[in-house]
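The values are calculated or read from the model by the stated rules, or taken from the named source; none is laboratory data. Nothing here was measured: the structure is a model prediction, and the numbers come from that model. Every residue, glycine as well, gets a Cβ built from its backbone with ideal geometry; the counts of neighbours run over all protein chains shown. Remember, those area values only see protein heavy atoms, side chains included, never the ligands or the DNA or RNA. Shrake-Rupley method; radii C 1.70, N 1.55, O 1.52, S 1.80 Å.
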Amino acid sequence: MTATVNTAVPAGTTPPAPPRARRRRTINLGEKAVPYLLLTPAVVVMLVLLGWPAVQVIGISFRKLDLGELVRGELVWVGFDNYASVLSNPEFWTITLRTVLFTAAIVAGTVLLGLLIALLMRHLSATVRVILQVTLVLAWATPILAATTVYQWIFDQQYGILNKTLVKLGFDSFQGYSWFSSGASTLTVIGILVVWQAVPFVCFTIYAGLLQAPQELYEAAAMDGVTPWQAFTTVSWPAVRPLVTLAAFLSVIWDFKVFAQVWAIRQGGPDGESTTLPLLMYLRGVAGRHFGVASAVAVLMILVLVVLTARYLQLLLRTREGDIS
């Protein structure tokens, strides 16, 4: 016969937790670590493919690495001399300001036009909407150099279809007009080309957000007799605001680094008036064979880009439940 001893627990006290609680806590910690373990291989690959080259660029920016040093394999450290050489050159500040203004204009045009087309697609019939979407995809899929060649033909001084069309419409001053005679007009043509190829991505991104807006809200707004602008601000804009912010953020990164279109159209001309920071880095590094100076320009480009996107980074870090505060 086995004796059973009952231990009385004083009133108002909590009995000790069973041993299983510790096991559950251990299991929960293990479950929380599983996502990080799954992400570890991708993070390691990203660090190897992106982190190490970035460290190399920073290291080269503190070295004198011209063609002679590269061939001889010499390691010549010059400290901040490359940065001093770049920052003391007034041309660098002119090009930096030009690049920032050029990027701002392209991003504003891309996001605004993409938003307008996305709103338009919502009100089109199914057939017309599909035709428009296919056209946008074709524009997006066109290779950069092919699109650049077509735009050079369109804006050609003698044989361009744009000048001929404007003359036929009565604008005789465009007879033989050169769209590449100044840096401002050259960058305008390049900006139109970049916007033309960037709008499809922004448009489809925003349109996906519009599809998430409940149709009942639009119906309720129509019953209340609101204007189209009020319907946009109260229903459409809250649904697409996070996507517009994301699209603008990505556009700043992409458009700040535009190189192929600028180089293919006029190689930064005329007289360097359409040169941007990526082009300057190429001219100093590859063409000029001053790889240390080019690396310093690359690092300064990253710093400028961080400053430009600081607000967007702050907004993205405040993301809560898919909405950006």
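Please note which helices (runs of 4 or more DSSP H) are completely contained in segment 156-229 and include at least 3 residues that are of a type in the set (Phe, Trp, Tyr). So that I can check it myself, show each step before the final result.
Working: elements: 161-168, 183-212, 215-223.
Per the criteria, 183-212.
State which residue is modelled with the lowest pLDDT when the search covers only segment 210-221 and only residues that are closer than 18 Å to residue 115 by Cα and open to solvent by 40 Å² or more (accessible area, probe 1.4 Å).
Here the residue is 212.
Determine if segment 231-248 includes at least one residue that is of a type in the set (Gly, Ala, Ser), touching a Phe, Trp or Tyr at 6+ places or on another chain (Cβ under 8 Å), modelled with pLDDT of 85 or more and open to solvent by less than 20 Å² (accessible area, probe 1.4 Å). Walk me through it before giving the result.
Going residue by residue through segment 231-248, those that are of a type in the set (Gly, Ala, Ser) are 231, 236, 239, 247-248.
Narrowing further to those that are touching a Phe, Trp or Tyr at 6+ places or on another chain (Cβ under 8 Å): 231, 247-248.
From the residues that got through so far, the ones that are modelled with pLDDT of 85 or more too are 247-248.
Adding the requirement that they be open to solvent by less than 20 Å² (accessible area, probe 1.4 Å) leaves 247-248.
Scanning segment 231-248 turns up at least one residue that is of a type in the set (Gly, Ala, Ser), touching a Phe, Trp or Tyr at 6+ places or on another chain (Cβ under 8 Å), modelled with pLDDT of 85 or more and open to solvent by less than 20 Å² (accessible area, probe 1.4 Å).
Name the residues in segment 122-148 that are surrounded by 13 or more Cβ atoms within 10 Å (Cβ to Cβ) and under 29 Å from residue 260 (Cβ atoms), would you?
Within segment 122-148, the first condition is being surrounded by 13 or more Cβ atoms within 10 Å (Cβ to Cβ), and the residues that meet it are 122, 124, 129, 132-133, 136, 139-140, 142, 144, 147-148.
Residues satisfying the conditions are 132, 133, 136, 139, 140, 142, 144, 147, 148.
Based on this model, can you work out whether residue 176 counts as at pLDDT below 90, of a type outside the set (S, T, N, Q) and buried (at least 17 other Cβ atoms within 10 Å of the Cβ)? So that I can check it myself, show each step before the final result.
Working: at pLDDT below 90: yes; of a type outside the set (S, T, N, Q): yes; buried (at least 17 other Cβ atoms within 10 Å of the Cβ): no.
No, not satisfied.
Can you name the number of the only condition in (1) open to solvent by 70 Å² or more (accessible area, probe 1.4 Å); (2) modelled with pLDDT of 75 or more; (3) not basic (Lys, Arg) that residue 224 fails?
Here residue 224 clears every test but (2).
Can you go through 202, 194, 189 and tell me which one is in contact with a Ser or Thr (Cβ under 7 Å, 6 or more places away or on another chain) and crowded, with 16+ Cβ neighbours inside 10 Å?
Details: 194 fails: in contact with a Ser or Thr (Cβ under 7 Å, 6 or more places away or on another chain); 189 fails: in contact with a Ser or Thr (Cβ under 7 Å, 6 or more places away or on another chain).
Checking each option against the conditions leaves just 202.
Against the condition more than 29 Å from the chain's Cα centre (by Cα) and either surrounded by 15 or more Cβ atoms within 10 Å (Cβ to Cβ) or not aliphatic (A, V, I, L, M) (or both), how does residue 181 come out, does it pass? Full working, then the answer.
Working: more than 29 Å from the chain's Cα centre (by Cα): yes; either surrounded by 15 or more Cβ atoms within 10 Å (Cβ to Cβ) or not aliphatic (A, V, I, L, M) (or both): yes.
So residue 181 fits the description; yes.
Quick one: how many residues across segment 262-292 are in contact (Cβ under 8 Å) with a residue 24 or more places away in the chain, small (Gly, Ala, Ser) and not in a loop (DSSP other than H, G, I, E, B)?
Residues that pass the stated criteria total 2.
Would you mind finding the one in 295, 251 that is in a helix (DSSP H, G or I), closer than 18 Å to residue 112 by Cβ and of a type in the set (S, T, N, Q)? Spell out how you get there, then give the answer.
On the way: 295 fails: closer than 18 Å to residue 112 by Cβ.
Exactly one residue qualifies, and that residue is 251.
From the list 284, 318, exactly one residue is farther than 21 Å from residue 186 by Cβ, among the charged types (D, E, K, R) and at pLDDT below 85. Which is it?
318
For residue 70, work out the one condition from (1) open to solvent by 90 Å² or more (accessible area, probe 1.4 Å); (2) without any contact (Cβ under 8 Å) to a residue 40 or more places away in the chain it doesn't fulfil.
Exception for residue 70: condition (2).
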